[in-house]
Amino acid sequence: MARYTGAECRQCRREGAKLFLKGDRCYSDKCSFSRRGYAPGQHGQGRKKVSEYGLQLREKQKARRIYGILERQFRTYFRKADRQAGVTGENLLVLLERRLDNVVYRLGMASSRNQARQVVLHGHIEVNGRRVNIPSFLVRQGDVVSVREGSRSSVLMQEAAERMNSIQPGPWLELTMPAMTGRVIRYPSREEIDTQVQEQMIVELYSR
């Protein structure tokens with residue numbers, strides 16, 4: 001399965017924004033973007049004039065990197081969003097939020113989306129009582145996402161339990177503790193998605 005294997009912090013520096021790809025480290029003094037908030041590479045600190053296309057491209061790359069998706073899959077999500085009724089950009093973000101790895105992250109079962117992807121791949125997560133190991137699985141309204149009972153005693157899941165006791169997952173998700181279970185009440189609205197992306201610029205890019 002293809003995935004990005006380079007330095008996570010390099011992606012934040014390239015996009016000029018914190019993408020929170022490394023969980024708790026992003027909130028600490030060790031965050032590379034806080035120390036070097038300029039693009040990586042020899043010419044990273046140079047001043048560059050960015051075209052309209054360049055701005056649109058950066059927004060698309062930022063969204064891809066936040067959700068940990070490669071280009072081909074991201075384009076597939078866009079086509080699906082474009083076929084749905086409503087605003088294409090908002091439809092796109094809702095689809096990305098519905099990914100199982102994102103829901104696991106939102107519920108606090110993992111400290112980052114990258115870790116959530118691993119948690120799902122390793123079979124620690126169940127949806128409606130059945131194990132699902134596909135990070136791109138799209139949850140639906142009413143779905144129940146939970147940590148497998150056999151996985152709850154692991155160190156990783158014990159850390160997750162502490163995290164889940166102190167977070168608010170969002171108004172479209174319902175978290176039940178100590179059962180380590182979450183339910184999708186409904187799909188999120190744009191106002192409830194805190195992803196700092198200008199989705200209209202992505203639509204304009206793909207509409208060229």
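Coordinate-derived values only; no laboratory data. Just so you know, these numbers come straight off a predicted model, no measurement behind them. Note that we place each Cβ from the backbone using ideal geometry, even for glycine, and neighbour counts take in every protein chain shown.
Between Arg148 and Ile125, Glu126, the built amide H atoms are under 5 Å apart, and every one of these is 5 or more places off in sequence or on another chain. At a Förster distance of 45 Å, what's the computed FRET efficiency of Val144 paired with Lys49, Cβ-Cβ distance as r, to 0.05? FRET efficiency, Val144 to Lys49: 0.35. When Thr76, Thr88 are sorted by how many other C-beta atoms sit within 10 angstrom of their C-beta, beginning with the fewest, the order is Thr76, Thr88. Extending 7 Å from the Cα toward the beta-carbon at both Arg75 and Ala179 defines two label points whose distance is 4.3 nm. Here's how it looks for Leu173: its modeled amide H is under 5 Å from those of Ile185, which are all 5 or more places away or on a different chain.
Using C-alpha pairs under 8 Å with a sequence gap of at least 6, the mean separation divided by the residue count of the range 99-184 gives a relative contact order of 31 percent. Rounded to the nearest 0.05, the FRET efficiency derived from the C-beta distance between Gln158 and Arg190 at R0 = 30 Å is 0.30. Shown for Ile193, Ile167, Ile125: other C-beta atoms within 10 Å of each C-beta, ranked fewest to most, produce the order Ile167, Ile193, Ile125. Using the alpha-carbon positions of the range 112-208, Rg (one decimal) and Dmax (whole number) come out as 15.4, 51 Å. Put simply, the amide H of Phe137, placed in the peptide plane, has neighbours under 5 Å in Leu100, Asp101, leaving out anything fewer than 5 places away on its chain.
For the pair Ser166 and Ala85 in one chain, pulling the backbone fully straight at 0.36 nm per residue adds 25.5 nm over the alpha carbon distance.
Ranked by Cβ crowding within 10 angstrom, fewest neighbours first, how are Val50, Val120 ordered? Starting with the residue having the fewest Cβ neighbours, the order is Val50, Val120.
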